[in-house]
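Structure, as structure tokens:
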Amino acid sequence: MNLLPPVKRAVVYGHCHQEHYIEDIRRLLGQLADCGIDVMVERRFGLYLSMCGLEVPESMLTDYAPEDAQAAISIGGDGTFLRTARWIGRRCIPVLGVNTGHLGFLAVCSPADSEAIAGLLAAGGAEVEERMALRVDVGEGGVSPALPYALNEVAILKEDTASMINVNVEIDGAHLADYMADGVLISTPTGSTGYGLSVGGPILFPNLNVICLSPIAPHTLTLRPCVVGEGSIIKARTSSRASRYRVSLDGVSVLLETGSEITIRKADFSPRVIRPLDISFAATLRRKLLWGVR
């Protein structure tokens with residue numbers, strides 16, 4: 001088990017629709033300062049807070065996640081958490097999610113618990129989980145689309161709502177299936193409680209190192225989700241009446257020419273998630289999905 005050391009410097013990233021949580025954020029920033037933690041705030045979020053009456057001085061604003069930051073705090077929902085991880089990139093700064101969104105499988109802390117959050121970071125000792133990410137390359141030359149990494153999933157989708165696409169998928173050089181569908185979702189265990197859950201994929205514990213393929217609205221009932229090993233190399237080539245198709249990486253989309261081939265594999269770095277020791281993934285599933293409630 002990897003444990004978080006006491007944090008001396010943290011960076012805050014957030015969603016710019018937090019009007020109902022401004023006082024909670026004010027208390028959190030104050031508690032962090034009281035615990036001796038030097039705090040930087042992502043510039044766009046800091047300017048938004050200042051517009052809402054929570055003045056963030058210029059000296060605290062940053063365009064990039066500081067190399068010496070020992071923790072990042074994501075304030076928002078799971079989508080904000082994914083954007084925080086994308087902003088951090090290969091720096092792999094551990095991220096703690098403060099949930100002001102909806103379900104919150106990644107953002108597990110409550111904004112009302114500012115004192116506990118600051119104490120947790122100042123004292124250290126929380127678990128740091130390494131999560132698997134995916135990398136996407138386009139074509140034989142390995143030219144990557146914008147933002148080529150995904151913590152949750154890679155979605156291969158039709159461009160519009162007019163017609164389905166056919167996605168020919170190979171696993172390690174062996175033909176797996178032709179997915180006649182609205183698309184195919186390739187997700188990590190972290191992403192299994194996101195888009196993967198909505199398309200009927202399995203729920204996977206986030207400490208697993210596997211990749212799940214799930215059809216999106218398949219036109220053949222026998223197509224079902226399947227799970228492959230972390231070392232698998234997935235190649236996908238589309239055909240369609242449309243000239244382009246969409247590839248979405250954690251909700252950020254690029255358009256590619258129909259017929260182009262993409263390769264999906266495990267990324268060579270692991271994003272890190274801070275999880276308080278008293279919050280397990282099993283407990284989160286029960287609470288968020290209301291398991292056992294009649």
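Results, tabulated for the structure shown:
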item: Counted residues, region 188-202 - those being in contact with a Leu (Cβ under 8 Å, 6 or more places away or on another chain) and not aromatic (Phe, Trp, Tyr); result: 9
item: Leading residue by the ranking (surrounded by the most Cβ atoms within 10 Å (Cβ to Cβ)) among those in region 235-254 that are within 20 Å of the chain's Cα centre (by Cα) and farther than 30 Å from residue 279 by Cβ; result: 247
item: Flag for residue 16 being over 30 Å from residue 280 (Cβ atoms) and in contact with a Phe, Trp or Tyr (Cβ under 8 Å, 6 or more places away or on another chain); result: yes
item: Unmet criterion (only one of (1) over 20 Å from the mean Cα position of the chain (by Cα); (2) without any contact (Cβ under 8 Å) to a residue 60 or more places away in the chain) for residue 184; result: (1)
item: Selection status of residue 88, touching a helix residue (DSSP H, G or I) at 6+ places or on another chain (Cβ under 8 Å), on the phi < 0 side of the Ramachandran plot and part of a helix (DSSP H, G or I); result: no
item: Matching entry among 107, 72, 112, 116 (being part of a helix (DSSP H, G or I) and of a type in the set (A, V, I, L, M)); result: 116
item: Residue within region 238-250 that is at pLDDT below 95 and in contact with a His (Cβ under 8 Å, 6 or more places away or on another chain) present; result: no
item: Residue ID - nearest to residue 206 (Cα to Cα), chosen from residues in region 271-288 that are surrounded by fewer than 20 Cβ atoms within 10 Å (Cβ to Cβ) and either touching a residue at least 40 places away in the same chain (Cβ under 8 Å) or in contact with a strand residue (DSSP E or B) (Cβ under 6 Å, 6 or more places away or on another chain) (or both); result: 281
item: Scope region 40-64; condition assigned to a strand (DSSP E or B), crowded, with 19+ Cβ neighbours inside 10 Å and free of Cβ contacts under 8 Å to residues at least 40 places away in the same chain; matching residues; result: 40, 41
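For every residue, the table says whether it meets (1) within 22 Å of the chain's Cα centre (by Cα); (2) hydrophobic (A, V, I, L, M, F, W, C); (3) closer than 18 Å to residue 95 by Cα.
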| position | (1), (2), (3) |
| --- | --- |
| 37 | no, yes, yes |
| 49 | no, yes, no |
| 59 | no, no, no |
| 64 | yes, no, yes |
| 71 | yes, yes, yes |
| 79 | yes, no, yes |
| 84 | yes, no, yes |
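The values are calculated or read from the model by the stated rules, or taken from the named source; none is laboratory data. Note that the coordinates shown come from a computational prediction; the quantities given were computed from them, not determined experimentally. Counting neighbours? That spans all protein chains shown, and the Cβs are built from the backbone with ideal geometry, glycine included.
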